[in-house]
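The block underneath contains the structure these notes are about, expressed in structure tokens.
The values are calculated or read from the model by the stated rules, or taken from the named source; none is laboratory data. This one's a predicted model, so the numbers in the text were calculated from it and none came from an experiment. Ideal geometry is used to build each Cβ from the backbone, glycine not excepted, and the neighbour counts take in all protein chains shown. Note: accessible area is taken over every heavy atom of the protein model, side chains too, but ligands, DNA and RNA are not part of it. Shrake-Rupley method; radii C 1.70, N 1.55, O 1.52, S 1.80 Å.
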Amino acid sequence: MKMLKDQFPNHSQSTLLSIFSLEYQKRTKRTFSKHHAPDVIESHYQRYLTEAKAHPTAPVLLELANEVDLSPALMARIILDRFLQDLEGEVPSKTAVNSMLKEPSLIPDQILANNITQCTINDCCYGPLVDCIKHAIGQEHEVLLRDKLKERDLSFLDENQLRAMGYDKTPDIILEVPVAVEGHIVHWIESKASFGDDHSHRTYLNEQFWSYWNRFGPGLVIYWYGFIGELDCQRDRGILLKDCFPTDIVTLCHTAQQDRLPQEPE
């Protein structure tokens, strides 16, 4: 975190945490295959069994994850999956594994259940607890966006309303009457409660934003925790980036009123 503070001295603690999370996830993806090789999984599992038997009250799984530089929540998933294979004699379903990660009391081994819990609560980037926190923060910023639109008396449809109308992949907001922001027409708004880095933004462009543009026209993306400035390079193609709700919105009514203003005498 200190390195991030030096790199981004003017950013808030929340923004730095978002940047840290993105960087940690990128690093984890680079080493994912190494930790999921069958021989490595077996080595981790046998190591856990030996350590847990010798020290039943110690956080051996958390210590193992830190030692091999793997996310504690991902280590918990690997070991739980391997444990259930021994127990059931077959590869467990993802549903079963996810249920036990969310509720460790379902695990029929109390020592393992305790170790899974310790891993979950000590992971800042992965796991069911982090997923709940991220979801809550995302929902909070979507509510903030809707409140800002209501304050400006802008008519809109939100994601839930659009899905009820039969749309599948939609932005968070579609404006019933387009507006202009910094001279660019906006038909839709997407809320992102994260920092926009190159990797995540490129993924969102390919999987979401260009799809919205094709279906609904040009739009606005709000990265509430900031973004790399160079990424805001698609304005002319119809995707505008901001790090807050825009204050200079021009509405159709505002434009019409300006058109009706008396002209200065020549």
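A few notes on this one:
- Any hit, the stretch 58-71, residues being in contact with a Ser or Thr (Cβ under 9 Å, 6 or more places away or on another chain), at negative phi and small (G, A, S): yes
- The conditions of being without any contact (Cβ under 8 Å) to a residue 12 or more places away in the chain and over 30 Å from C244 (Cα atoms) are not met by A65.
- Any hit, the stretch 127-139, residues being outside any helix (DSSP H, G or I) and more than 30 Å from H55 (Cβ to Cβ): no
- Selected residue (only one of D172, D153, D158, D168 is in contact with a strand residue (DSSP E or B) (Cβ under 9 Å, 6 or more places away or on another chain), open to solvent by 20 Å² or more (accessible area, probe 1.4 Å) and over 30 Å from L49 (Cβ atoms)): D158
- Residue among L87, L162, L70, L112 that alone is part of a helix (DSSP H, G or I) and within 25 Å of the chain's Cα centre (by Cα): L162
- Exactly one residue out of L149, L101, L49, L162 is touching a Pro at 6+ places or on another chain (Cβ under 9 Å), at pLDDT 95 or above and of a type outside the set (S, T, N, Q): that is L101.
- Filter pass, T57 being assigned to a helix (DSSP H, G or I) and open to solvent by 10 Å² or more (accessible area, probe 1.4 Å): no
- Checking every residue in the stretch 90-112 against the condition of being surrounded by 16 or more Cβ atoms within 10 Å (Cβ to Cβ), hydroxyl-bearing (S, T, Y) and closer than 25 Å to A37 by Cβ gives zero matches.
- Within the stretch 25-53, being among the polar types (S, T, N, Q) and surrounded by 11 or more Cβ atoms within 10 Å (Cβ to Cβ) holds for Q25, T28, T31, S43, Q46, T50.
- When the residues of the stretch 119-149 are filtered to those that are open to solvent by less than 60 Å² (accessible area, probe 1.4 Å) and acidic (D, E), the one that is nearest to the chain's Cα centre (by Cα) is E142.
- Residue tally, condition open to solvent by 20 Å² or more (accessible area, probe 1.4 Å), charged (D, E, K, R) and not in a strand (DSSP E or B), over the stretch 175-217: 5
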